[in-house]
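The values are calculated or read from the model by the stated rules, or taken from the named source; none is laboratory data. The structure displayed is predicted, hence computed values, not measured ones. Virtual Cβ from ideal backbone geometry, glycine too; neighbours counted across all protein chains shown. Calculation scope for accessible area: heavy atoms of the full protein, side chains included, ligands and nucleic acids excluded. Shrake-Rupley method; radii C 1.70, N 1.55, O 1.52, S 1.80 Å.
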Amino acid sequence: MGSSVSKAALEATTDELVEPDSKHLADITHYVNASNMGVKRLAEVLFEKSKNSSWVVVFKALITVHHLMVHGNERFIRYLASRSSLFTLHNFLDNSVIEGYAMSIFIRRYSRYLNEKSLAYRLISYDVTKTKRGLDGFMRNMNTKDLLNTLPVIQTQFDALLGFNANANELTNCIIRAAFMLLFKDSLRLFAVYNEGILNLLDKFFHMTKRQCNESLDIYIRFLAGTTKLEQFLKIAKQVGIDQNNIPYLTQAPNSLLEALKQHLASLDEKNEIFPPYR
């Protein structure tokens with residue numbers, strides 16, 4: 001790994017109470033995008049930083065990794081996904097400063113999301129947020145079997161993102177706000193793909209087997225719960241000053257739709273199924 005990139009990675013993760021500098025992040029991202037060499041070494045530098053005892057250093061290391069997952073070449077997230085484990089920060093606690101207690105909670109939650117983002121890539125072999133969207137997009141044209149395998153992976157990642165669960169008055173410094181901004185952008189990308197998968201699922205629902213309908217109904221109920229949580233997340237985004245024009249308005253599906261799905265499932269007799277599985 002080039003000395004300039006190594007220096008940029010170290011400077012992006014200092015113990016200074018400022019968010020990672022945009023120039024350092026740009027230098028690191030350019031390096032990852034331009035060369036296949038050193039991706040492993042760069043990741044290892046950031047992993048080592050995530051083992052620091054200072055909440056400032058650890059949070060900035062996570063933000064840098066998240067930035068590279070989103071803006072870096074796919075080879076970076078592919079390398080992360082190839083590892084048996086990423087961040088083991090579920091017990092992290094910086095009790096050396098007063099702010100460390102509160103920030104440690106969000107570091108634990110944030111690292112869980114990044115772990116799930118990496119695991120999702122390992123399980124389905126691509127980043128769904130970067131796939132084509134729309135009527136002729138990836139999720140809208142996925143077959144039933146793949147939908148039932150892919151949507152639960154998206155749901156787990158989405159739930160982990162919303163599990164960051166910060167109120168506006170807890171976003172007290174520029175570092176946690178930088179993390180929140182990355183999560184906000186991820187939430188929009190991920191929900192867009194998630195929603196398109198659900199629309200496809202609903203289109204197929206009345207042509208599924210009873211077992212598939214059971215799975216699909218569970219997925220849909222989780223989706224409704226996730227949408228409610230996302231609405232709260234977006235309210236926080238508005239409160240911290242994110243432009244209203246960048247915050248979508250979510251509409252809840254009518255209760256009659258859920259009831260119709262439940263009634264259809266109840267009416268199915270697996271031995272006398274009328275419709276073949278939809279492909």
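Before moving on, here are some points about what is shown:
- Label zone at Leu258, where the point sits 7 Å out along the Cα-to-Cβ direction: the range 154-183 residues whose backbone N lies under 20 Å: 155-156, 158-160, 162-163
- Listed values for the range 254-264 are Karplus-derived 3J(HN,Hα) couplings in whole Hz (6.51 cos²θ - 1.76 cosθ + 1.60, θ = phi - 60°), namely x, 4, 4, 5, 4, 5, 5, 5, 5, 5, 5, and x replaces Gly and Pro.
- Placed amide H near Phe138: partners under 5 Å, 5+ positions off or other chain: Lys132, Arg133
- Dividing the convex hull volume of the alpha-carbon atoms in the range 65-156 by its residue count gives 120 Å³ per residue.
- Excluding ligands, DNA and RNA, the accessible surface per residue across the range 1-103 is 50 Å² with a 1.4 Å probe.
- Sites Ser53 and Ser84, calculated FRET efficiency, Cβ-Cβ separation with R0 30 Å, nearest 0.05: 0.80
- Compared with the dominant principal axis of the Cα atoms in the chain, helix 55-71 is inclined by about 50°.
- Cut-off under 5 Å, modelled amide H: who pairs with Thr209 long-range: Tyr278
- Extension gain (nm, one decimal) between Ala266 and Gln232, 0.36 nm per residue minus Cα-Cα: 9.0 nm
- The chain: angle of helix 144-162 to the longest principal axis, Cα-based, in degrees nearest 10: 40 degrees
- Surface share of carbon and sulfur [accessible, 1.4 angstrom probe, percent] for the range 31-177: 48 percent
- Equivalent ellipsoid of the chain: semi-axes from √(5λ) of the C-alpha gyration tensor, largest first, are 38, 21, 16 Å.
- Dividing the mean sequence gap of close Cα pairs (under 8 Å, 6+ apart) by how many residues the chain holds gives a relative contact order of 16 percent.
- Radius, Kirkwood style, for the range 14-63 when every pair of distinct Cα atoms is counted (Å): 11.5 Å
- Surface share of carbon and sulfur [accessible, 1.4 angstrom probe, percent] for the range 181-232: 57 percent
- Residue-normalised accessible area of the range 126-279, expressed per residue, 1.4 Å probe, Å²: 51 Å²
- Per DSSP, loop chymotrypsin sites (Phe, Trp or Tyr not before Pro) in the range 196-256 with at most 11 further Cβ within 10 Å: Tyr249
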